[in-house]
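Colleague: Handing you a structure now.
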Amino acid sequence: MPIAFEDLGAGGPILAVLAVMSLLSWVLILVKIAQLWHCRSGQPRRAAAFQAWKAGDTAGAAAQLAQGKSPADRITGRAMEALSKGIRGTALDADLTRRGNEELARLGSGLRLLELIAMVSPLLGLLGTVLGMIQSFQELELAQGAANASVLAGGIWQALLTTAAGLLVAIPAAVAAGLFAARIDGAAQSIESAVGELMMLDAHPAI
């Protein structure tokens, strides 16, 4: 038999909040999947660009990376443009650090909200369960122990429903946040590796 919203008692409003949080988390997950899809790509493109750079075709190397979709492609392409113009040393390091931080901040946008949903959802579910249990025992007290056991059991499982709902919201959000954070860390490592390789080639072209 379908459960009406008003039949859920104290857990009803909390379930509504959890439903909104679930919708928000899935929207964030889909957005982040699209955003992070290419964040670690471009290794063959960068390898070809480095070969062109070693051969002296600096413009061609930068042009190859200009078509890349990953942060490592963009940062390395910027480094090539700067080196071609004679910009080196502290000024270049500061510019690349700033741009790298901006790229990582963009990749990490929304991740904190996803982590917050993963942390708060089980607590909201537990709160709904506690409130539901309180309501059930209040009804038992008012009935002076004459309450039907099936009615009491129904109130208890309705209360526990909020805990289950909180976990159902939290688990996908927590898993997604962890996977996204690992992917962003991988993108940061790709940036450092690519820029480091370029600086080595610039300092020692014969390598």
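Taken together, the values in this text are just the output of simple stated rules run on the coordinates, not laboratory data. The model shown is predicted, which means the values in this text are computed figures rather than measured ones. Note: ideal-geometry Cβ built from the backbone for every residue, glycine included; neighbour counts use all protein chains shown.
Colleague: Which of T129, T163 comes first, and how do the rest follow, when ranked by fewest Cβ neighbours within 10 Å?
Modeller: By the 10 Å Cβ count, ascending, the order reads T163, T129.
Colleague: Just from its helices, what would the mean residue ellipticity at 222 nm be for the chain, if runs of 4 or more DSSP H residues each count -39500 (n - 2.57) and the sum is divided by every residue, rounded to the nearest 500 deg cm²/dmol?
Modeller: It comes out at -28500 deg cm²/dmol, rounded to the nearest 500.
Colleague: Right, next: Measure nothing but the geometry: give the 0 to 90° angle between the long axis through the Cα atoms of 71-84 and the longest principal axis through the Cα atoms of the chain, rounded to 10°.
Modeller: For helix 71-84, the angle is close to 20 degrees.
Colleague: For the residues I14, I156, I29, what sequence is obtained by ranking on other C-beta atoms within 10 Å, fewest first?
Modeller: Ranking I14, I156, I29 by Cβ neighbours within 10 Å, fewest first, gives I156, I29, I14.
Colleague: For F50, F137, what's the fewest-to-most ordering of other Cβ within 10 Å of each Cβ?
Modeller: Fewest-to-most ranking of F50, F137: F137, F50.
Colleague: Shifting gears a bit: Please give the helix 149-203 orientation as an angle from the longest Cα principal axis of the chain, in degrees from 0 to 90, rounded to the nearest 10.
Modeller: 10 degrees
Colleague: For K32, give me every one of the lysines with a C-alpha distance below 17 angstrom, ignoring sequence neighbours fewer than eight places off in its own chain.
Modeller: Excluding near neighbours in sequence, the set is K69.
Colleague: Report the Cα centroid-to-centroid distance between the stretch 156-207 and the stretch 24-56 in angstrom, as an integer.
Modeller: 14 Å
Colleague: Now, a different point. With a cut-off of at most 14 other beta carbons within 10 Å, and DSSP calling the residue loop, which trypsin sites (Lys or Arg not before Pro) in the stretch 39-114 qualify? Please list them.
Modeller: K69, K85, R88
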